[in-house]
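The values are calculated or read from the model by the stated rules, or taken from the named source; none is laboratory data. Note that this is a predicted model, so its numbers are computed, not measured. Backbone-built Cβ (ideal geometry, glycine too); neighbour counts: all protein chains shown. Side chains are part of the model used for accessible areas, which takes the heavy atoms of the whole protein and leaves out ligands, DNA and RNA. Shrake-Rupley method; radii C 1.70, N 1.55, O 1.52, S 1.80 Å.
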Amino acid sequence: MFSHASNSDTIATFAAVFATLWVAHTVGDHWVQTSVQSARKGQHDRNPGQSSRVGRLACTRHVIGLTLTKVLLLALSAIVLGLPLSVAGVTIGLGLDAASHWWADRRSSLAWLAAVTGKTEFYNFGTGAHPLHPVTAEGKPAGHLGTGAYALDQAFHAFFLFLAALIIATV
């Protein structure tokens with residue numbers, strides 16, 4: 001579509017880029033992100049509609065670390081596999097990914113998206129806000145491995161990784 005490479009070369013590049021971005025996303029979102037960034041990136045002031053400086057900075061630091069992880073692993077893949085990547089494609093693709101990641105990780109924006117798409121109940125799954133939240137036999141909150149909010153967050157990020165890989169492979 002955008003590239004002059006053969007169709008099979010473009011498909012192979014897309015596959016390699018997507019796989020690389022998925023691994024880099026997982027590493028960056030779970031290993032590179034600090035506990036402080038995770039705890040504070042969604043922080044807002046008490047005034048509705050006013051984002052706190054602390055929350056914005058924590059989210060920005062997280063996205064910078066995440067994007068650098070993607071750049072490093074993408075560069076490694078490009079060198080080892082000989083991927084025909086352009087600076088423009090990588091810049092546009094990772095720029096879109098970083099902006100979308102920051103938007104979703106401010107938390108209120110993803111909660112809003114869940115609400116307008118009718119996914120609030122699933123968004124609250126695994127939390128005390130859900131009517132079927134996990135509890136122990138004694139009725140106390142039970143530990144679990146995730147929430148609907150986390151699943152929707154990761155699906156949102158995967159969609160933008162897909163778009164970024166398409167851009168990177170074809171520009």
- Item | Probe 1.4 Å, accessible area per residue of the chain, Å² | 58
- Message: Give the residue list of trypsin sites (Lys or Arg not before Pro) in segment 14-88 that are DSSP loop and have at most 10 other beta-carbon atoms within 10 angstrom.
- Response: ARG46
- Task: Using Cα positions and a limit of under 27 Å, work out the lysines in reach of LYS119, with same-chain residues fewer than 8 apart set aside.
- Result: LYS41, LYS140
